[in-house]
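Engineer: Let me give you the structure first, and then I'll get to my questions.
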Amino acid sequence: MESRLGQCLVERGEESAVLLTIARLARDYYGWLCLDIEQHSDNDSVAYFLISELNMSGIVKRIQTMSKNYYGEIQGNLADENKLPLDLLRCKLSFFGVSKFDPKSKLWVRNTMFHGAPILSDIGKPFDDDWYFPIATGN
Amino acid sequence: LIALLKQAFEGVGYDFGGYESAADMIVWGQMYGLDSVAMIRKRLPDFEQRRRLQIEPFSLESKENNKEHTVIDAKGNSCIVAAGIALDITYVEAMTSGVADATVLNCHDRKLVIKKLTDYAKRGVVCLAYWRDDKTLKVVTSDTGVCCPEYSLYPLKDLLGGAYLNENHQQSLFVVCATESAGLQEYISKNLPELQGIKTVVISPTMMKSSYTSVLIYSIEIDRDFRSELAVLGQEVLV
């Protein structure tokens, strides 16, 4: 099944929503953790907290592994109704070397993949192996 | 295979964090010769049934929490999540008191704990996990920094009355972490006299390394039916 856009307070299917609201989850986790510290001051490890709040284990792992990486998370409110999934898609595709994005609507984007990659007739001949870097305008 | 397993475990209701762990543990176990794919395949009907009956795929309950000895009830679930939490706690407590242990009651797939044990050994502690069935005591030891642990069996007829190995613990898993080998040895002599008996090494660290290399060369083969079974479990997940 492909994901689609929806409004969780209006439409059905929230239980199948793709987990995008990382910032909100981190904030929820912070709230629950503060409450746990208030109630169980001797719990000095997040491991004890997770026994009672197992559903938080994902966000805990995410914070423990990603929080020090500046580019580890999308810095934005992904639950904002004006946020376009297309922008996330462009970001992800750019990691794969996609360039020349040409959005055609709010739902799809035309782009160029493998720009400058050697073609069949180039194989066996010398060629620059830096083709996967974006080409600056004018070059 | 990792992606397929992640989706299958997400499909049966594991939370994010949980389904990644499940996939990692299973594939790691298969790479290191523990035959975890076959083990988990036998358990798929149970996962499927839990999904159908809307039983939580994992839930834990702290039965006893006195810092030196933590007891968690996995309520008949796979140890995938519970073993991770138990080792998190023993690691944290070992760092302050030198040695700590935890018991996970009512859990399955206990062999999968070996991956977590290895992860913790890489963090600089020595670890031990043990569990029993009706015939044997299964013991895994992992030394500091060592990439592969040793998995051994001891006959239960040599049971010497250690504190935790009685009939009530047919489905329990015990994990121990210590900051020093001496601390773990002291724990063993106090709580696990069975380990003085005759052991049979099931998988040595050398065998595990060899399996890993072999899988890198020859890959992991799963049959079409198993692939379909996993795909069915993952069907509910949006992509």
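Engineer: How many residues are assigned to a loop (DSSP other than H, G, I, E, B) and either hydrophobic (A, V, I, L, M, F, W, C) or exposed (fewer than 12 other Cβ atoms within 10 Å of the Cβ) (or both) if we restrict to segment A:101-133?
Structural biologist: Adding up the residues that qualify gives 19.
Engineer: I'd like to check something: does segment A:58-66 contain any residue that is closer than 27 Å to B:PHE9 by Cβ, under 14 Å from the mean Cα position of the chain (by Cα) and part of a loop (DSSP other than H, G, I, E, B)?
Structural biologist: no
Engineer: May I ask you to list the residues in segment B:191-239 that are among the aromatic types (Phe, Trp, Tyr) and exposed (fewer than 15 other Cβ atoms within 10 Å of the Cβ)?
Structural biologist: B:TYR218
Engineer: Scan segment A:23-48 residue by residue and report those that are assigned to a helix (DSSP H, G or I), within 10 Å of another protein chain (Cβ to nearest Cβ) and not hydroxyl-bearing (Ser, Thr, Tyr).
Structural biologist: A:LEU25, A:VAL46, A:ALA47
Engineer: Determine whether B:GLN49 is polar (S, T, N, Q), in contact (Cβ under 8 Å) with a residue 40 or more places away in the chain, more than 9 Å from chain A (Cβ to nearest Cβ) and not in a loop (DSSP other than H, G, I, E, B).
Structural biologist: When the stated conditions are applied, B:GLN49 does not pass them.
Coordinate-derived values only; no laboratory data. All figures in this text were calculated on a predicted structure; none of them were measured in a lab. Every residue, glycine as well, gets a Cβ built from its backbone with ideal geometry; the counts of neighbours run over all protein chains shown.
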